[in-house]
Amino acid sequence: MSKKPLSLILLFISLVQLSFAQNGYWQQRAEYKMEVALNVDNHKVTGTQQLVYTNNSPDDLSVVFYHLYFNAFQPGSEMDVRSLTIADPDSRVGSRIKKLSAG
């Protein structure tokens, strides 16, 4: 076999390997364990959550952010205001929160 076809084959194999490489991308993993209870008498939810986060990137993470929506379904809550003022509201929510009785 001459050097030219061998070189082309090696080049092709190298390009195929490079095309499957995912440089700069790491899939992170989050596992949640939640224990939640609903008190039907006072309509309150209580619970605990455990998060196991796996950082597969080569960088250290110094902080993980949570955004909790406390009392999201209470009239006047952040979610209520947002559902009334957002440009493209979710039709399932609309003004339904505003019409709920405060609990």
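The values are calculated or read from the model by the stated rules, or taken from the named source; none is laboratory data. All of these numbers come straight from a predicted model, not from anything done at the bench. Glycine also receives a Cβ, built like all others from the backbone with ideal geometry; neighbour counts cover every protein chain displayed.
Taking the criterion of being surrounded by 15 or more Cβ atoms within 10 Å (Cβ to Cβ) and farther than 22 Å from Gly47 by Cβ, the residues of the stretch 83-97 that qualify are Ser83, Val93. In the stretch 51-75, the residues that are among the small types (Gly, Ala, Ser) form Cβ pairs under 6 Å with partners that are outside any loop (DSSP other than H, G, I, E, B), at six or more places apart or across chains, as follows: Ala72/Met79. Taking the listed residues Ala37, Ala87, Ala30, the one that is of a type in the set (A, V, I, L, M), part of a loop (DSSP other than H, G, I, E, B) and modelled with pLDDT of 85 or more is Ala87, with no other qualifying.
Can you say whether Leu38 is surrounded by 10 or more Cβ atoms within 10 Å (Cβ to Cβ), more than 19 Å from Gly94 (Cα to Cα) and within 20 Å of the chain's Cα centre (by Cα), as far as the supplied structure shows? The answer is no for Leu38.
Selection of the stretch 1-27 for residues being at pLDDT 75 or above and of a type in the set (Val, Ile, Thr) yields Ile9, Ile13.
Considering the stretch 48-84 alone, what residues qualify as being of a type in the set (Gly, Ala, Ser) and either within 20 Å of the chain's Cα centre (by Cα) or assigned to a loop (DSSP other than H, G, I, E, B) (or both)? Break it down stepwise before answering.
Taking the stretch 48-84 first, the residues of a type in the set (Gly, Ala, Ser) are 57, 62, 72, 76-77, 83.
If the condition is that a residue be of a type in the set (Gly, Ala, Ser) and either within 20 Å of the chain's Cα centre (by Cα) or assigned to a loop (DSSP other than H, G, I, E, B) (or both), then Ser57, Ser62, Ala72, Gly76, Ser77 are the ones that fit.
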